[in-house]
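Notes follow once the structure below has been shown.
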Number of protein chains: 2
Amino acid sequence: MRKIDVCLSPDLIHLYSLENTAVVVVDIFRATSCMVTAFANGAQEILPVEDVDFCQSKKAEGYLISAERNGITPAGFDFDNSPFSYQVEKVKGSKICVTTTNGTVAIRRAEKAPLLMVGAFLNLSKVVEALKNWEGDALVLCAGWKGKPNLEDTLFAGCVIDELNGHYQVADDAALMAWQNYNIASKDLQTAVKNSSHVNRLLKLGIEKDIAFCLEKDKYAVLPIWLSGKLKVES
Amino acid sequence: MRKIDVCLSPDLIHLYSLENTAVVVVDIFRATSCMVTAFANGAQEILPVEDVDFCQSKKAEGYLISAERNGITPAGFDFDNSPFSYQVEKVKGSKICVTTTNGTVAIRRAEKAPLLMVGAFLNLSKVVEALKNWEGDALVLCAGWKGKPNLEDTLFAGCVIDELNGHYQVADDAALMAWQNYNIASKDLQTAVKNSSHVNRLLKLGIEKDIAFCLEKDKYAVLPIWLSGKLKVES
């Protein structure tokens with residue numbers, strides 16, 4: 001049977017083979033939740049980059065620009081890192097250049113995978129459907145927080161494994177543990193994450209509604225895919 | 001309150017501050033379980049090294065030597081990586097040089113900590129007692145398997161956190177998740193680990209009795225401590 005594994009941090013990605021492997025990058029709070037939201041609101045293309053200055057320079061090329069460092073948006077950018085900021089008219093048809101603390105790093109580190117998707121609870125079923133149709137192995141790459149594993153991305157990984165039970169076999173202990181963590185949390189994700197370090201960071205930023213929004217399952221039926229150095233959705 | 005964290009892999013240790021932090025290195029199957037067993041059987045000193053040839057060269061200096069790579073012991077060594085091989089008369093008063101796939105690497109990467117201990121289920125209470133007496137923060141460093149997190153070391157970390165509930169506060173999500181994983185597994189550790197990747201590797205080597213032994217709590221009241229480049233126990 002096909003195998004599914006979980007990489008709990010981008011700093012461990014060198015230990016995982018990407019050959020014949022579909023990778024799902026997840027950064028629930030909030031990069032991949034924002035990307036899914038942007039595509040659901042009509043964005044045409046998202047370019048994830050690692051450097052804030054480079055991101056800013058893309059403004060001159062017609063990109064809308066989005067940046068986040070340590071949960072905060074520097075001045076002069078079109079979007080902050082809230083999924084609500086992408087639910088506006090100007091997103092429709094736009095090209096967006098994005099840089100975030102963790103999510104864009106994770107995407108760039110997995111870009112050699114034959115299939116690279118962006119996942120969030122918001123587009124869970126689309127991710128699961130794509131993995132059911134994939135014929136190789138699968139890896140959920142958690143963006144974590146500055147290299148450290150985090151709860152919400154691990155819970156998403158466990159949720160994907162749970163949804164694929166019978167279709168994929170758990171590859172290794174990290175996947176087994178993520179699945180267990182999800183099983184404990186699944187009935188009430190909001191309560192489950194309330195003790196997590198990142199939620200505490202976000203609560204200090206006053207964005208409780210972002211947390212609730214990012215934990216909603218299947219709000220959007222879009223699947224961002226890495227294609228020629230950019231994220232796109234099938235039209 | 002003091003904080004306790006968990007580093008799930010030696011490849012993530014660069015993300016953790018060791019300042020004023022007591023580190024417990026754990027490699028349940030089987031390096032730290034063997035070290036605890038050796039000291040309980042009278043070993044005087046253990047020198048963990050990363051290189052097999054260097055380990056072998058210490059034989060000429062009067063050390064008993066122990067090596068393991070991928071679960072197997074190369075020819076010419078006094079001990080394999082089973083805790084039963086240390087329950088023999090020649091261990092008493094001996095100096096032992098050890099190299100293993102994961103455990104010795106983890107110890108070497110944490111050697112700058114102000115207090116570095118070797119932990120296993122076998123000496124759980126000694127570890128917990130030492131951390132209750134420590135006045136700084138604490139970190140459990142899981143040896144894992146070739147850089148990947150594993151279940152049994154994570155469960156030990158969760159167990160230590162559980163025992164220290166009320167004395168230390170969980171620092172971050174990895175610690176929170178390890179604690180949750182332990183709570184699921186605590187009533188029957190042997191059943192809990194039977195689906196883990198490393199147990200499957202060990203079962204192929206025919207060492208079921210090692211697994212049961214390494215999951216026994218508090219069999220020995222010894223605490224190996226890193227002192228001047230070697231492991232020793234208080235006399």
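Please treat every number below as a calculation from the coordinates, not as lab data. No experiment lies behind these values; they were computed from the predicted model shown. As a convention, Cβ positions derive from the backbone with ideal geometry for all residues, glycine included, and neighbour counts pool all protein chains shown.
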Need one number: % antiparallel among DSSP beta bridges in chain B, to the nearest 5.
20 percent
Length gain on complete extension for the stretch A:Q87 to A:M1, per 0.36 nm per residue less the alpha carbon to alpha carbon distance?
27.0 nm
Taking Cα pairs under 8 Å and at least six residues apart, what relative contact order does segment A:112-181 come out at, in percent?
27 percent
Sorted from shortest, what are the nm distances separating the label point of B:K230 from equivalent points in the other copies, each placed 7 Å from Cα along Cα to C-beta?
6.5
Working from the pairwise distances between different alpha carbons, so that the mean of 1/r is found and then inverted, what is segment A:51-112's Kirkwood radius in Å?
12.1 Å
Lys and Arg at +1, Asp and Glu at -1: neighbours of A:V127 with Cβ under 14 Å from its Cβ sum to -3
May I ask which residue of B:F79, B:A38, B:N195 lies farthest towards the positive end of the charge dipole of chain B, with charges of +1 (Lys, Arg) and -1 (Asp, Glu) on Cβ and the Cα centre as origin?
B:F79
What whole number of Å gives the distance from the Cα centroid of segment A:48-100 to the Cα centroid of segment A:18-46?
14 Å
Exposure proxy check on B:K230, B:K204: fewest-to-most Cβ neighbours within 10 Å is B:K204, B:K230
Once you charge only the Cβ atoms, +1 for Lys and Arg and -1 for Asp and Glu, what is the size of the charge dipole of the protein assembly as shown about its Cα centre, to the nearest 20 debye?
80 debye
Across all Cα atoms of segment A:6-102, Rg and the largest Cα-Cα distance (Dmax), in Å, are 14.1, 42
Other copies of B:E61: label-to-label distances in nm, shortest first, labels 7 Å along the beta-carbon direction
5.7
Defining the label point at 7 Å along Cα→Cβ, can you sort the distances from B:E135 to the same site in each other copy, shortest first, in nm?
6.6
Would you mind getting the Kirkwood hydrodynamic radius of the protein assembly as shown from its Cα pairs, rounded to one decimal in Å?
23.2 Å
Computed on Cα atoms, Rg of segment B:109-235 relative to 2.2 N^0.38 Å comes out at 1.07
With everything on Cα atoms, drop me the angle between helix B:124-133 and the longest principal axis of chain B, reported from 0 to 90° to the nearest 10.
60 degrees
Give the longest segment of chain B that steers clear of GluC sites (Glu not before Pro) in DSSP loops with at most 14 neighbouring Cβ atoms within 10 Å, not counting the sites themselves.
B:136-233
Note on chain A: contact order normalised by length, alpha-carbon pairs under 8 Å, 6 or more apart, percent, works out to 34 percent
Per 10 Å bin, what is the whole-percent P(r) computed from every C-alpha pair distance within segment A:3-228?
9, 37, 38, 15, 1
How are the Cα pair distances of segment A:84-132 distributed, in percent, across 5 Å bins from 0?
4, 14, 17, 22, 26, 13, 3
Please report the relative contact order for segment A:82-199, taking Cα pairs under 8 Å with a sequence separation of at least 6, and give it as a percent rounded to a whole number.
21 percent
So which trypsin sites (Lys or Arg not before Pro) in segment A:61-93 are both in a DSSP loop and have at most 12 other Cβ atoms within 10 Å of their Cβ?
A:K92
Max mean-square fluctuation residue, GNM over chain A, Cα-Cα springs under 10 Å, options A:V193, A:V118, A:V140
A:V193
